[in-house]
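Here is the structure we will look at, set down as structure tokens.
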Amino acid sequence: MSAVRIFLSGVASASHLIYVGAYLDARLRAGDQVTLVCLGFSRFLGQQHVDLDLVRRELPAHPALRVLGAEAGWAAQPGEALVYLAVGAPGIKPWLRLKRANPCRRLRCVVVDEGLGSYGDWRARLAAIRREGGHGWRATLRALVVSTAQRLLADQRWALYRTQDSGWIVEPQIADWFRQRLSGTADGAARLYFISQPWVELGQVEVGRYQVVLAQLAAHAETAGLKLMVRPHPAEDRAKYGDLPLDLTPGPIELSRMAAEAVAVAGFNSTALVNLAAIHHRAVFRIELPELAAVESGLAPRQCSLLAAFLPPPRPLAALPEWLEQRSGAKR
């Protein structure tokens, strides 16, 4: 058994903790004694969605794992291996501070997925930064710095998806970690499960237009004999959903049994949509909206390739009734 101190940064959502948990589970299974130090948490649309209590709940419950906050400091103890675990891309400032706090010691940098953004290039990252409110040369500089840090500092990518000669494949160990952590209950109802995204909050779609989309989804589901279930994004204002049923199962979408056992799943380009298709083998309808054309055009080639490997091409909502009719008898 070896002792390792892992310093974690870049966590902005509960979904990031799945990838972190899968990495820690692999270390624990290898017999390591792990001390995890959370250096802080990132924000999305000005909100912090993760704290130390959530980290402790979502990570593996194991006697060889100890989870500490930033007050534990930046120095590893004598005899401990030193790992910087970053979500999405290494932060240059944390990396430099860890090097200063641990002189003459080897610092291994491991990067886990943040989602679809992990498979983009600097231009795709810049587009995402601008959607979230970044502007001017600072946004460009941030995108370039993050992409450069990813290329130069990362010793290992702990990624759910990787390519081989035959194309994209799912990393079995990480996929199994997703499946093992399904939560919530499934009542046996035949459902169309809609994964929402904060396009209104990001200024990409007007709220009235988005409510039309929601109404169409509900009508199409009812016509097909299915019940609509909406999964809101944590950053969304839920008021726009009115009386629509919401899946508020704690944790990421991919861990909701209701999503994993739905007859069909609808949504836009998103990490969760890819994961439900690739890991849980759900039938997926990818929605095409003219308002999101600029978002689509900003995707990097690798992101487009990954989406095409596991999802059908995007189609307008008008095509959903026929698609649902073909799958209304599908077994869950």
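The values are calculated or read from the model by the stated rules, or taken from the named source; none is laboratory data. Small disclaimer: the values here were computed from a predicted structure and weren't measured. Here the Cβ is made from the backbone with ideal geometry for all residues, glycine too, and neighbour counts use every protein chain on show. Ligands, DNA and RNA are stripped out before the accessible areas are found, and what is left, the full protein with its side chains, is counted by its heavy atoms. Shrake-Rupley method; radii C 1.70, N 1.55, O 1.52, S 1.80 Å.
Brief remarks follow.
- Summed side-chain charge close to Leu153 - residues other than Leu153 whose Cβ falls under 12 Å, Lys, Arg +1, Asp, Glu -1: +4
- Theoretical ellipticity at 222 nm over the chain - DSSP helices of four or more residues, -39500 (n - 2.57) apiece, nearest 500: -11000 deg cm²/dmol
- In the context of the full set of protein chains, the chain has a per residue accessible area of 46 Å² (1.4 Å probe).
- Extension gain (nm, one decimal) between Arg105 and Arg327, 0.36 nm per residue minus Cα-Cα: 74.2 nm
- The modelled label-to-label distance between Thr163 and Ala190, using points 7 Å beyond Cα along the C-beta direction, is 4.0 nm.
- Computed over protein heavy atoms with a 1.4 Å probe, the carbon and sulfur contribution to the accessible area of region 34-176 reaches 52%.
- The GluC sites (Glu not before Pro) of region 150-241 that meet both conditions, a loop assignment by DSSP and at most 13 other Cβ atoms within 10 Å of the site Cβ, are Glu206.
- Shape analysis of region 205-321 places it in the rounded category; the axes a ≥ b ≥ c from the Cα gyration tensor give an a/c below 1.5.
- Solvent-free Debye calculation, one equal scatterer per alpha-carbon of the chain: log10 I(q)/I(0) at 0.08, 0.11, 0.15 Å⁻¹ equals -0.39, -0.74, -1.32.
- Cα-centre dipole for region 209-332 with unit charges at Cβ (Lys and Arg positive, Asp and Glu negative), debye to 20: 300 debye
- Among residues other than Leu248 with Cβ under 11 Å from its Cβ, the summed charge is +1 (Lys and Arg +1, Asp and Glu -1).
- C-alpha long axis of helix 92-101 to longest principal axis of the chain, angle in °: 30 degrees
- The angle between the Cα long axis of helix 136-153 and the main principal axis of the chain comes to about 60°, on a 0 to 90 degree scale.
- Label separation (Arg56 vs Glu222): 4.7 nm, computed from points 7 Å beyond Cα along the C-beta direction.
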